[in-house]
Amino acid sequence: MQIVSGGVSDVGRVRTNNEDCFRIVAPLQLFVLSDGMGGEAHGEIASEVAVETVVKHCLGGPDNHAIPLLGEPRPGLSSHTKRLASAVLLANKKIFESAEANPEQRGMGATLTAAWIHGSKLSLAHVGDSRAYLLRGGVLQQLTSDHSLVAEQVRRGILTLAEAEESQMQSVLIRALGAQQEVEVDAEEHVLFTRDILMLCSDGLTRMVTEPEIAGTLQAESDPDRAAEKLIALANEYGGADNVTVIVVRLGSVPKGWFSWLRRGARTKNAGNNGSSGGK
């Protein structure tokens, strides 16, 4: 399976600083996105700590016993998924301890959505309201569940989806990195197929752009970087009320034949960004 990816982050039209952060580690096919909270530089600190901690914890490999796993055992999950969930727990610990040690950082936190592709399997780990989507056969599916107050009210039947979209409480999270000493991490696995498109994004996109518009843009634009840029342009066109970050990952079959090596080499060069962060 051939994987081509790209990502873009933008401050938006209202905020003065970008508290989003992301990394694409192409050699590992690891994709990490975080939306910081706390204002001023504190949100930026939280999101950067979250992303860099996850990347570092995963770089040693899923089966590296020299880097022990955090949290309760997760039977039935692959070593990649267990390592990813452990990395998110470690990120929570580091953000919480940093805020405890530095009074000016009190109240900072972050969302975290991370995807790790190994073979035809996708490992996901998630806390907060940044999202992962899968576009397959023209149908866009949200893979993650928002850990927000309004999302929980929708799940319980207290609010309708329409009421949730109009709620002034959309930014209130019930789960985030750094808010508590311990955090529950959603971890799951999915099987991927050729022509699938995976997208990770901060809520600066999903609060401004509808899912049909997201699906249409991902289908219309084959280049991951340009697809991310167009989605961000839409969010800004509609007001750009928040920082917005988008990672797009396209999966295709590996071409065969000598000519395909030239094409694959060109794409690899274009997709060779193995570390990017928003707001830098």
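Which aspartates and glutamates does K121 reach when only Cα atoms under 16 Å apart count, and residues fewer than 8 places away in its own chain are ignored?
Output for K121: E188, E189, D196.
Checking the a/c ratio against 1.5 first, then a/b against b/c, what shape does the Cα gyration tensor give for the range 91-171? Could the numbers behind the result be given before it?
Values: a/c = 3.21, a/b = 1.19, b/c = 2.69.
Verdict is oblate for the range 91-171.
If you take the Cα Rg of the range 51-135 and divide it by 2.2 N^0.38 Å, with N the number of residues, what do you get? Walk me through the numbers on the way to the answer.
Numbers: Rg = 13.9 Å, N = 85, 2.2 N^0.38 = 11.9 Å.
Rounded to two decimals, the normalised Rg is 1.16.
In the Gaussian network model of the chain, springs joining C-alpha atoms below 10 Å, which of L59, L84, L33 carries the largest mean-square fluctuation?
Of L59, L84, L33, the most mobile in the Gaussian network model is L59.
Residue farthest toward the positive end of the dipole of the chain, with Cβ of Lys/Arg at +1 and Asp/Glu at -1: which of S78, S130, A241?
S78
Taking the alpha-carbon centroid of each part, what is the distance from the range 51-111 to the range 215-253 in angstrom?
The range 51-111 and the range 215-253 have Cα centres separated by 28 Å.
Counting only protein heavy atoms and a 1.4 Å probe, tell me what percentage of the chain's accessible area is made up of carbon and sulfur.
Numbers: 6740 of 13200 Å².
With neighbouring chains kept in place, the figure for the chain is 51 percent.
Which of rounded, prolate or oblate describes the range 1-50 when judged by the alpha-carbon gyration tensor and an a/c cut-off of 1.5? Walk me through the intermediate numbers first.
Values: a/c = 4.61, a/b = 1.96, b/c = 2.35.
Because a/c hits 1.5 or more and a/b fails to exceed b/c, the range 1-50 counts as oblate.
Mind checking the log10 I(q)/I(0) for the range 1-157 at q = 0.09, 0.19 Å⁻¹? Debye, one equal scatterer per Cα, no solvent, two decimals.
Treating every Cα as an identical point scatterer, log10 I(q)/I(0) equals -0.31, -1.30.
Any idea of the accessible area per residue across the range 79-233, 1.4 Å probe, to the nearest Å²? List each step's numbers first, then the result.
Working: 6830 Å² over 155 residues.
I get 44 Å² per residue for the range 79-233.
Where a ≥ b ≥ c are the square roots of the eigenvalues of the C-alpha gyration tensor, would you call the range 118-234 rounded, which needs a/c under 1.5, or, failing that, prolate if a/b is larger than b/c, or oblate?
Numbers: a/c = 1.89, a/b = 1.32, b/c = 1.43.
Judged from the Cα gyration tensor, the range 118-234 comes out oblate (a/c at least 1.5, b/c at or above a/b).
At q = 0.13, 0.19, 0.21, 0.23 Å⁻¹, what is the base-10 log of I(q)/I(0) for the range 171-240 according to the Debye formula with one equal point scatterer per Cα and no solvent? Please give it to two decimals.
Debye intensities relative to I(0), on a log10 scale: -0.54, -0.91, -0.98, -1.03.
Counting pairwise Cα distances across the chain, what percent come out greater than 31 angstrom? All intermediate terms of the calculation are to be shown ahead of the outcome.
Working: 8969 of 39060 pairs.
Of all Cα-Cα distances in the chain, 23 percent exceed 31 Å.
Running a GNM on the chain with Cα contacts under 10 Å, which residue among V154, V249, V32 ends up with the highest mean-square fluctuation?
Comparing V154, V249, V32 in a Gaussian network model of the chain, the most mobile one is V154.
Quick one: Karplus J couplings for the range 136-145, per residue in order, coefficients 6.51, -1.76, 1.60, θ = phi - 60°, nearest Hz, x for Gly and Pro?
3J(HN,Hα) across the range 136-145, in whole Hz: 9, x, x, 9, 9, 10, 7, 8, 9, 9.
The values are calculated or read from the model by the stated rules, or taken from the named source; none is laboratory data. If you're wondering where the values come from, they're calculated on a predicted model, not measured in any experiment. For neighbour counting, all protein chains shown are included, and Cβ atoms are generated from backbone atoms with ideal geometry for every residue, glycine included. For accessibility, only protein heavy atoms count, side chains too; no ligands or nucleic acids. Shrake-Rupley method; radii C 1.70, N 1.55, O 1.52, S 1.80 Å.
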